Amino acid sequence: MLEIKNISKTFNPGTVNEKTALSGLSLTLADGDFATIVGSNGAGKSTLFNAIAGDFYTDEGSIFLAGEDLTYLPAYRRSRRIGRLFQDPMRGTAPHMTIEENLALAYLRTAKHQKAFFSRVGKKDKDFFRDQLAKLDMGLEDRMRQPVGLLSGGQRQALTLLMATMVPPKLLLLDEHTAALDPGTADKVLKLTREIVEEDGITCLMITHNMKNALELGNRTLMMDNGRIVLDIGGEERKGLTVDDLLSRFRAGAGKALDNDRILLS
Amino acid sequence: MLTIIQTALEAGFLYAPIALALFLSFSILNIADMTTDGAFVLGASVSAVCCVAGHPILALPAAMLATAAAGFITAFLQTKLGVPSILAGIVTNIGLYSINLMVMGTSNLSLFQKASIYTLAKDAGFGGSWYKLVVTALLVLVVCVLLVLFLGTRLGLSIRATGDNADMVRASSINPTFTITVGLCVANAMTGLSGAMVAQYNTFSDINSGTGMVVLALAALVIGETLIGKGSMVRRVVGVILGSIIYRFIYAAALRANVPSDYMKLVSAIIVGVAIAAPTVRRWAAFQAKKRKALAARKGEH
């Protein structure tokens with residue numbers, strides 16, 4: 001499904017601020033793979049997501065998704081196939097537009113409507129939105145005409161998740177999407193994520209600082225350090241692995257301890 | 001008195017499309033489009049030239065096409081060439097001055113005894129003695145309905161999202177270059193329609209008639225948004241039209257109070273300045289009051 005070959009990215013080359021964020025990273029995800037990514041701050045996790053989503057073009061290497069070359073496609077073209085959630089719940093929705101309008105925007109971006117600039121959402125679509133919102137179990141289905149700005153962070157993040165997956169994307173990128181939520185809401189959004197991803201068999205990458213989540217969710221765990229993937233655990237090997245095992249495996253792989261308070265404390 | 005009301009209503013509707021244009025560019029897309037002044041004159045000039053050639057109805061779409069092209073230039077400068085958005089509008093605006101002279105071939109083109117949409121309506125007995133108001137209001141109504149419908153389409157929603165959350169737009173499949181371009185083209189087409197109607201209404205087009213138009217329209221927009229507030233698109237669009245009419249009544253009242261018409265631009269500037277500054281001033285005043293109270297209470301403790 002996703003095939004990343006040997007991508008590199010250096011920011012501010014030739015200056016004192018030169019920073020190699022990705023160095024020769026390769027990664028292949030099979031159809032339906034759900035991989036969690038852990039690593040220290042500055043390991044290049046978010047940079048990897050930005051590279052896949054097209055926020056910048058990589059210096060070297062290639063990115064293929066479902067057989068299509070994304071390497072030089074602009075971000076807005078890639079996002080037809082890639083759903084994305086950020087840590088900040090405010091980033092995924094338009095606050096002054098209603099829940100219904102936000103969903104319509106997400107819904108109308110599908111291939112079927114891509115050239116239909118003047119298509120509108122009809123009664124049938126609205127019923128569909130209502131059913132989808134009911135699945136979130138947050139009472140949003142009765143507030144469809146309210147502006148999204150009135151919702152709480154957790155509700156906005158759940159709505160963003162729905163918008164990103166209502167039309168199943170080829171790849172879902174989750175960048176610590178529950179980190180800014182309170183523990184109860186975070187659990188709820190995480191549960192929804194698991195349900196939606198499993199139900200539609202969406203290929204998914206999730207960055208997390210919660211080692212427990214990293215081992216429990218999905219079928220693969222990746223560890224990143226210095227712009228590379230230093231550890232890739234899946235299958236039988238991953239079952240029964242504890243957080244301590246993971247930390248010691250990281251030490252062996254990266255040649256240093258994981259220096260991140262947020263990880264060690266969680 | 002009736003004449004004053006009639007004139008104010010006519011002017012309110014004549015200039016309403018510019019307020020709608022700013023509603024789209026300024027309120028929705030969050031871009032201060034300085035193309036407006038030049039686009040207004042371009043609309044008037046194209047309309048006047050078409051009328052001289054005997055095509056008063058064709059003049060309206062022609063003017064809108066021409067001004068949409070001007071909006072395209074502004075959008076191209078800011079989305080593709082990295083010119084800051086306000087500067088892009090100013091650059092286009094200055095360029096349009098020469099273009100407008102080229103279009104008219106003179107600095108003031110008279111339509112004296114030429115057919116216009118208004119003479120056509122009058123000759124057909126359409127709208128009785130209110131024919132000017134009826135024709136203008138009908139055209140504006142059509143524009144309003146089309147605008148509201150447009151803002152509910154996929155493209156319209158994308159344009160609204162572009163101005164509402166840039167982060168979201170970048171991560172969704174919306175191409176901001178495209179939405180900004182379409183938004184500015186549509187906005188300027190509306191400005192052009194206003195210019196086209198005003199030229200036929202006044203039976204002349206003047207190279208300097210657009211000066212300060214962006215601020216006058218902004219005043220109408222701000223009045224409308226302050227009085228009607230935010231809500232559904234229909235409500236907001238109606239608010240803009242009402243704002244434009246109310247502004248023209250203020251204008252008429254000021255003229256009747258013997259304020260020289262030259263001073264009206266100052267009045268408009270003050271309305272816009274005060275209205276836009278109001279929330280900030282209110283916050284500042286509330287904070288000062290709170291601070292004074294807290295300091296006074298502290299003094300009592302010691």
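The values are calculated or read from the model by the stated rules, or taken from the named source; none is laboratory data. Note that the coordinates shown come from a computational prediction; the quantities given were computed from them, not determined experimentally. Cβ: placed from backbone, ideal geometry, glycine included. Neighbour counts: every protein chain shown. These area figures cover heavy atoms from the full protein model, side chains too; ligands, DNA and RNA do not enter into them. Shrake-Rupley method; radii C 1.70, N 1.55, O 1.52, S 1.80 Å.
Here's the yes/no breakdown for (1) at pLDDT below 95; (2) over 22 Å from A:ARG77 (Cα atoms); (3) more than 18 Å from the chain's Cα centre (by Cα); (4) surrounded by 22 or more Cβ atoms within 10 Å (Cβ to Cβ):
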position: B:LEU151; (1), (2), (3), (4): yes, yes, no, no
position: B:GLY156; (1), (2), (3), (4): yes, no, yes, yes
position: B:ALA166; (1), (2), (3), (4): yes, no, yes, no
position: B:ASN175; (1), (2), (3), (4): yes, no, yes, no
position: B:THR181; (1), (2), (3), (4): no, no, no, no
position: B:ALA187; (1), (2), (3), (4): no, yes, no, yes
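Please list, ordered by first then second residue, the pairs with beta carbon atoms under 8 Å, 6 or more apart or interchain, first in region A:13-25 and on the phi > 0 side of the Ramachandran plot, second open to solvent by 30 Å² or more (accessible area, probe 1.4 Å) and of a type outside the set (S, T, N, Q).
A:GLY24/A:GLU60; A:GLY24/A:GLY61; A:GLY24/A:ARG228
I'd like the residue in region A:116-174 that is surrounded by 15 or more Cβ atoms within 10 Å (Cβ to Cβ) and among the hydroxyl-bearing types (Ser, Thr, Tyr) and, out of all such residues, is farthest from A:VAL197 (Cα to Cα).
A:SER119
Within region A:27-50, does at least one residue satisfy the condition of being farther than 25 Å from A:LEU190 by Cβ, of a type in the set (A, V, I, L, M) and under 19 Å from the mean Cα position of the chain (by Cα)?
No: zero hits.
Does region A:32-46 include one or more residues that are in contact with a strand residue (DSSP E or B) (Cβ under 7 Å, 6 or more places away or on another chain), more than 14 Å from chain B (Cβ to nearest Cβ) and farther than 27 Å from A:ASP182 by Cβ?
Taking every residue of region A:32-46 in turn, at least one turns out to be in contact with a strand residue (DSSP E or B) (Cβ under 7 Å, 6 or more places away or on another chain), more than 14 Å from chain B (Cβ to nearest Cβ) and farther than 27 Å from A:ASP182 by Cβ.
Take the residues of region B:6-58 that are of a type in the set (Phe, Trp, Tyr) and under 23 Å from B:TYR118 (Cα atoms): which is surrounded by the fewest Cβ atoms within 10 Å (Cβ to Cβ)?
Selected residue: B:PHE13.
Working only within region B:210-235, note down all residues that are part of a helix (DSSP H, G or I) and open to solvent by 40 Å² or more (accessible area, probe 1.4 Å).
B:VAL215, B:GLU225, B:THR226, B:LEU227, B:ILE228, B:VAL234, B:ARG235
Restricted to region A:56-94, and to residues that are in a loop (DSSP other than H, G, I, E, B) and among the hydrophobic types (A, V, I, L, M, F, W, C), which residue is nearest to the other protein chains (Cβ to nearest Cβ)?
A:ALA94
Run A:GLN87 past the list (1) surrounded by fewer than 21 Cβ atoms within 10 Å (Cβ to Cβ); (2) at positive phi and report the number of the one that doesn't hold.
(2)
Only one of B:GLY210, B:GLY127, B:GLY195, B:GLY156 is out of contact with any Phe, Trp or Tyr (no Cβ under 9 Å at 6 or more places or on another chain) and in the same structural domain as B:ARG248 (by TED's automatic domain parsing); which?
Result: B:GLY127 is the single residue among B:GLY210, B:GLY127, B:GLY195, B:GLY156 that is out of contact with any Phe, Trp or Tyr (no Cβ under 9 Å at 6 or more places or on another chain) and in the same structural domain as B:ARG248 (by TED's automatic domain parsing).
Under 8 Å by Cβ, and 6 or more places apart or on different chains, what pairs join a residue from region B:187-205 that is touching a residue at least 24 places away in the same chain (Cβ under 8 Å) with one that is in a strand (DSSP E or B) and open to solvent by 10 Å² or more (accessible area, probe 1.4 Å)?
B:THR203/B:SER110; B:PHE204/B:ASN108; B:PHE204/B:LEU109; B:PHE204/B:SER110; B:SER205/B:ASN108; B:SER205/B:LEU109
Please count how many residues of region A:201-226 are farther than 22 Å from A:LYS239 by Cα and open to solvent by 70 Å² or more (accessible area, probe 1.4 Å).
1
May I ask you to say which residue of A:LEU150, A:LEU140, A:LEU181 is touching a residue at least 12 places away in the same chain (Cβ under 8 Å) and assigned by TED's automatic domain parsing to the domain that holds A:GLU101?
Going through A:LEU150, A:LEU140, A:LEU181 in turn, just one is touching a residue at least 12 places away in the same chain (Cβ under 8 Å) and assigned by TED's automatic domain parsing to the domain that holds A:GLU101: A:LEU140.
Of the numbered conditions (1) of a type in the set (A, V, I, L, M, F, W, C); (2) touching a residue at least 40 places away in the same chain (Cβ under 8 Å); (3) out of contact with any Leu (no Cβ under 6 Å at 6 or more places or on another chain), B:ILE270 fails exactly one; give the number of that condition.
Every condition holds for B:ILE270 apart from (2).
Restricting attention to region A:8-50, report how many residues are open to solvent by 60 Å² or more (accessible area, probe 1.4 Å) and within 30 Å of A:GLU195 (Cα to Cα).
Going through region A:8-50 one residue at a time, the tally reaches 4.
Within region B:22-39, does at least one residue satisfy the condition of being over 18 Å from B:ILE241 (Cβ atoms) and among the polar types (S, T, N, Q)?
Yes, the conditions are met somewhere in region B:22-39.
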